[in-house]
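The values are calculated or read from the model by the stated rules, or taken from the named source; none is laboratory data. Owing to the predicted nature of the structure, the values given are computational and were not obtained by experimental measurement. Note: ideal-geometry Cβ built from the backbone for every residue, glycine included; neighbour counts use all protein chains shown.
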Amino acid sequence: MFLRTKEFQYNARPAKPDPMYAKMLQEILGGQWGEISVMMTYLFQGWNCRAPGKYKDMIFDIGTEEINHVEMISTMIARLLEKSPVEAEEMANKDSVIGAVLGGARVEDAILAGMNPQHAIVTGSGAQAADSVGVPWNGRYVVASGNLLADFRFNVTAESQGRLQVSRLYALTDDPGVRDMLSFLLARDTMHQNQWLAAIEELEADGLEMTPVPHTFPQELEKQEVSYQYMNFSEGIDSGQGRWAMGPSKDGRGQFEYVADPAPLSDDTGELGMADPRLHGTAPTPRPTITSFTRKGQQAAE
């Protein structure tokens with residue numbers, strides 16, 4: 001059960017309206033790497049967690065925090081779309097976009113100038129569960145596999161991509177209120193990246209998970225001759241200078257081997273056999289024309 005408090009975790013107050021920036025801010029709300037995605041990812045990881053209680057509790061702590069981040073960004077978007085304070089209305093005479101939103105008489109000007117039309121037509125100057133170009137948020141963005149090492153590695157990626165996008169958005173505004181909120185989100189993303197990296201270490205230290213994922217699959221069943229080979233599949237051999245091409249493997253079970261000119265390990269050329277004639281695909285050799293069908297769908301040929 002979640003218990004909502006009225007106070008936000010942090011401020012979400014812009015200094016002035018900005019409908020075009022509200023459109024851009026949708027990316028960190030409803031985009032692939034937005035707050036809705038990480039919120040739902042962490043909640044489903046928590047609901048599916050069978051690991052010791054400290055992991056489940058930690059996952060729910062961060063998942064619950066992300067609910068408020070969704071609320072903060074949604075509120076910021078709505079406030080960027082609403083009427084401004086009196087002192088900001090003077091800007092309307094200089095900016096037809098702001099004037100359109102403030103006055104309400106020329107909303108079409110704002111739309112033509114780059115405002116998200118759905119902010120006016122669908123949500124009535126509110127946020128929506130979509131990205132910055134209007135693509136709806138998708139449940140396929142959620143990653144909750146039941147394997148915490150795989151999931152925590154994804155979480156590091158999600159927090160890294162999220163912080164990258166917030167950093168770019170920070171540079172695209174000079175609104176002190178917006179930057180204030182973004183500075184908080186950047187700091188929390190810093191913490192969350194470190195949090196998931198620490199959780200990965202803890203999983204391995206506790207012996208619950210290890211590399212390669214899943215560690216429970218018998219490695220003797222894989223083709224072990226290539227388990228630790230780095231295969232150079234591009235021109236040049238610069239990649240051979242990396243840590244991934246020499247020395248002990250990161251799981252401690254083998255030695256990296258650099259293969260500068262990998263050869264095919266198969267004589268399979270990918271040729272296909274005959275498909276079902278009833279599907280009317282092009283066959284590898286000429287075949288007769290179908291003249292009739294039997295009751296059971298079988299074909300008769302000339």
Every pair of residues 6+ apart whose Cβ atoms lie under 9 Å, when the first sits in the stretch 125-143 and is within 16 Å of G162 (Cβ to Cβ) while the second is among the charged types (D, E, K, R): D131/E27; S132/K23; S132/E27; W137/D131; V143/D151
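Evaluate the following for E235: is it within 19 Å of Y258 (Cβ to Cβ) and assigned to a loop (DSSP other than H, G, I, E, B)?
Numbers: within 19 Å of Y258 (Cβ to Cβ): yes; assigned to a loop (DSSP other than H, G, I, E, B): yes.
Yes.
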Only listed residue being at pLDDT below 95 and part of a helix (DSSP H, G or I), chosen from H119, H192: H119
Members of the stretch 33-71 found to be part of a loop (DSSP other than H, G, I, E, B) and within 21 Å of M181 (Cβ to Cβ), listed by number: W33, G34
Residue check for R168: in a helix (DSSP H, G or I) and in contact (Cβ under 8 Å) with a residue 60 or more places away in the chain: no
Among residues of the stretch 217-247, those that are under 20 Å from P264 (Cα atoms) and among the aromatic types (F, W, Y), counted: 3
Some residue of the stretch 203-217 being in contact with a Phe, Trp or Tyr (Cβ under 8 Å, 6 or more places away or on another chain), under 25 Å from E65 (Cα atoms) and either assigned to a helix (DSSP H, G or I) or not acidic (D, E) (or both): yes
